[in-house]
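Only one structure is covered here, and it is reproduced in the block below.
The values are calculated or read from the model by the stated rules, or taken from the named source; none is laboratory data. Predicted model only: the values in this text are computed from it and were never measured. All Cβ positions, even for glycine, are placed from backbone atoms using ideal geometry, and neighbour counts span all protein chains on display. The accessibility values were calculated without ligands, DNA or RNA, using every heavy atom of the protein model including side chains. Shrake-Rupley method; radii C 1.70, N 1.55, O 1.52, S 1.80 Å.
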Amino acid sequence: MGFVAGDNVRVGDRTVTVQESNGHAVKVDGRWLHSEEVEALPTMGSGPYHARFQQTMLRIKDPKVSIPFYVENFGMKLIHWIEFPQWKFTVYFLERCRDGQQVPTCTMEKTGIENERYLWTMSGSTLELTHNHGAEMDDNFKVWNGNTGKDADGPLHAEEPAARGFGHVAFNCDDVYEASALLEKKGVKFQKKPDEGRMKGLAFALDPDGYWIELVRRQKLGWSEYYNLSQTMLRVKDGPASVEFYTKHLGMTLLRQLDFPQWKFSLYFLASMTPTEVSECFPKDPENKHSCGLNPAAPNALTKVCWNQCLELTWNHGTEKDPNFKVHDGNAQPQGFGHIGFLVDDLEGACAKMEQDGVAFKKRPQDGNMRGIAFAYDPSGYWIELIDRTRGVTRR
């Protein structure tokens, strides 16, 4: 196969990054090797730790309601679950797989080692639904959907939290109007229908816990999949600092930057994509030929032609200068969203280097009872789970 600069490959027992390529040979660690001497990695990753955006965690009331909702309405598939009886909670992982993709069979009653192996070596992205046992029987249990707070106006205004954080997840589809009508026919409720409000053509459905699900029109590419999981949106304190964190430490690629100086905010769309994946999207983009390479500030439709889930960062200008401003991370009260997570190689080495580079940690790999994972803080204080994809199949 062909490699391009920036691809992570395996040489012997080491994971290295391609520095240059001429189509027949690649340069790694300052020396040239024939392409046949280099092994393509079985998993996709980018950056210094071969990271891949793998999960968005949401707390839910009842898995018997939430899981069928995402399966039946958005074509997601339950790929694994892990129960922690000692802590009285279970986590369920759902992926919007490609049609025909082979995934080990999983039900709400039975999962197995092959499912866990798939989960920790996958290239796709999941919703991790966290169920605290007994919540389904608690009439007072309600999650925070991320969009109510003291910084919100109108019906979304609330005394807590002081500033909102997580906003929504999103699915891309060919026709938002058609998708909205189909969902409404199935009884799905909406926060916003396509023709409501100032922003026409996009919609926000509501899941059983009240989380917002944005429906976004993608470029028609002939995909058989009606939806693809396309976004997790987080409000951030400092846009440029957040982009630097995710690109430098977690190897994400900034696909698109939208600045709205008249309304004093910016949007950043980042994705876990290898250089090859990015370049393969260029010919599909109807808005930009990318003849000079990727320029995130230039108009493009990359978020509408790639399968990968993007991290959408929303930055309100000026919050970076306010010492009292802090987004709500979702883990203090009120709770809902919990974290996003990345698979990495060599977790301990990655965390040691990140800490050396000034990244703060909530949990290092050796801390606590759960090995094989760590939690870093991003510049806004969000929890970023880091999971070792190379340490076998058991994290408990």
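Details
- Picking from residues in region 337-396 that are part of a helix (DSSP H, G or I) and of a type outside the set (A, V, I, L, M), the one that is farthest from the chain's Cα centre (by Cα) is Gln356.
- Filtered residue count, region 22-72, keeping only those that are of a type in the set (Phe, Trp, Tyr) and open to solvent by 10 Å² or more (accessible area, probe 1.4 Å): 3
- Filtered by the rule that a residue be open to solvent by less than 50 Å² (accessible area, probe 1.4 Å) and under 18 Å from Thr247 (Cβ atoms), region 352-394 gives Met354, Val359, Ala376, Asp378, Ser380, Tyr382, Ile384, Leu386.
- Considering residues of region 272-316 that are in contact (Cβ under 8 Å) with a residue 60 or more places away in the chain and over 21 Å from Met44 (Cβ atoms) only, the residue nearest to the chain's Cα centre (by Cα): Leu313
- Among (1) over 19 Å from the mean Cα position of the chain (by Cα); (2) more than 30 Å from Lys220 (Cβ to Cβ); (3) assigned to a helix (DSSP H, G or I), the one test that Phe245 misses: (1)
- Among the residues of region 197-225, those identified as over 19 Å from Pro286 (Cα atoms), open to solvent by 20 Å² or more (accessible area, probe 1.4 Å) and hydrophobic (A, V, I, L, M, F, W, C) are Met199, Leu202, Phe204, Leu206, Trp212.
- Positions within region 101-123 being assigned to a loop (DSSP other than H, G, I, E, B), touching a residue at least 60 places away in the same chain (Cβ under 8 Å) and of a type outside the set (Ser, Thr, Tyr), in sequence order: Met122
- Checklist (1) open to solvent by 70 Å² or more (accessible area, probe 1.4 Å); (2) outside any loop (DSSP other than H, G, I, E, B); (3) under 21 Å from Phe53 (Cβ atoms) applied to Arg98, failing item: (2)
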